[in-house]
Amino acid sequence: MLRKYPDTSLQDVYKSCFQDYFGPAHAIAGRDMARKYIEQELNSAVCDDTCYYEPCGWRGNYYRVSLSAVADSLLSVDELADAFYRSAPQQTPVVDERWVAEWNRTVQVVREVVTENASRISRMSPLIVDFATDSAAIADMLAQGKYVVHHSERYNELYHPHYRIVSRDIFENEILPRLQR
């Protein structure tokens with residue numbers, strides 16, 4: 001993620017790891033609403049993404065499927081909305097000590113990557129800006145029982161993310177073959 005999106009924040013890393021751990025459950029209001037939101041986003045978004053998909057987090061349990069695949073007629077709105085809806089767990093995710101422990105391990109790994117690469121980068125442009133601030137804010141959020149974050153403003157401005165989360169099984173068996181045509 002840091003290679004592909006060099007201006008990512010720890011908040012964005014958290015979002016990706018959260019999506020990979022829990023999937024899209026916090027964003028599902030029903031199949032029809034999923035379709036409606038995809039259509040609305042397609043009408044207002046600039047889909048200039050050259051990558052139609054990428055894994056979330058490090059586990060690869062879920063994939064981000066770019067709306068560019070719909071804009072480029074590789075998938076229909078219905079196909080993506082259906083895959084997105086079916087990828088959502090039936091129950092709202094339970095953010096418990098297992099997720100917090102997973103996230104804390106992830107922060108440690110990211111901290112090590114940042115430290116290892118500190119000698120290769122200018123001190124004026126750190127690998128992850130505001131790492132300590134974001135780390136503390138996420139820890140406070142989790143301590144309050146909250147768990148959902150959005151992409152950082154900087155990430156949105158630079159990378160214009162427009163995607164839906166799809167489970168690995170649905171992605172590999174239904175979506176990927178359509179994208180490889």
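Can you tell me which residue is nearest to Leu74 (Cα to Cα) among those in the stretch 154-171 that are surrounded by 13 or more Cβ atoms within 10 Å (Cβ to Cβ) and among the charged types (D, E, K, R)?
Arg164
Working carefully through the options Tyr53, Tyr62, find the one that is surrounded by 16 or more Cβ atoms within 10 Å (Cβ to Cβ), touching a Gly at 6+ places or on another chain (Cβ under 7 Å) and among the hydroxyl-bearing types (Ser, Thr, Tyr).
Testing whether each residue is surrounded by 16 or more Cβ atoms within 10 Å (Cβ to Cβ), touching a Gly at 6+ places or on another chain (Cβ under 7 Å) and among the hydroxyl-bearing types (Ser, Thr, Tyr) leaves just Tyr62.
Looking only at residues that are assigned to a loop (DSSP other than H, G, I, E, B) and not hydroxyl-bearing (Ser, Thr, Tyr) in the stretch 79-116, which one is farthest from Glu172 (Cα to Cα)?
Filtering first and then ranking leaves Asp96.
Can you find, within the stretch 6-39, the residue that is modelled with the lowest pLDDT among those that are touching an Asp or Glu at 6+ places or on another chain (Cβ under 7 Å) and within 20 Å of Leu67 (Cα to Cα)?
Only one residue tops the list, namely Arg31.
Looking at the stretch 147-160, which of its residues are of a type outside the set (A, V, I, L, M, F, W, C) and either under 18 Å from Arg31 (Cβ atoms) or in contact (Cβ under 8 Å) with a residue 12 or more places away in the chain (or both)?
Across the stretch 147-160, the qualifying residues are Tyr147, His150, His151, Ser152, Arg154, Tyr155, Tyr159, His160.
Here's a check for you: in the stretch 75-96, which residue that is more than 18 Å from Gln40 (Cα to Cα) and among the hydrophobic types (A, V, I, L, M, F, W, C) is surrounded by the most Cβ atoms within 10 Å (Cβ to Cβ)?
By that ranking, first place goes to Ala88.
Scan the stretch 136-171 for residues that are under 19 Å from Val70 (Cβ atoms), in a helix (DSSP H, G or I) and either at pLDDT below 95 or out of contact with any helix residue (DSSP H, G or I) (no Cβ under 7 Å at 6 or more places or on another chain) (or both) and jot them down.
The answer is Tyr159, Phe171.
Considering only residues that are under 30 Å from Val110 (Cα atoms) and of a type in the set (S, T, N, Q), look in the stretch 65-74 and name the one that is surrounded by the fewest Cβ atoms within 10 Å (Cβ to Cβ).
Ser68
If the requirement is being surrounded by 14 or more Cβ atoms within 10 Å (Cβ to Cβ), modelled with pLDDT under 90 and touching a Leu at 6+ places or on another chain (Cβ under 7 Å), which of these qualifies: Ile128, Ile121?
Exactly one of Ile128, Ile121 is surrounded by 14 or more Cβ atoms within 10 Å (Cβ to Cβ), modelled with pLDDT under 90 and touching a Leu at 6+ places or on another chain (Cβ under 7 Å), namely Ile128.
The values are calculated or read from the model by the stated rules, or taken from the named source; none is laboratory data. A quick note: this is a predicted structure, and the numbers were derived from the prediction, not measured. Ideal geometry is used to build each Cβ from the backbone, glycine not excepted, and the neighbour counts take in all protein chains shown.
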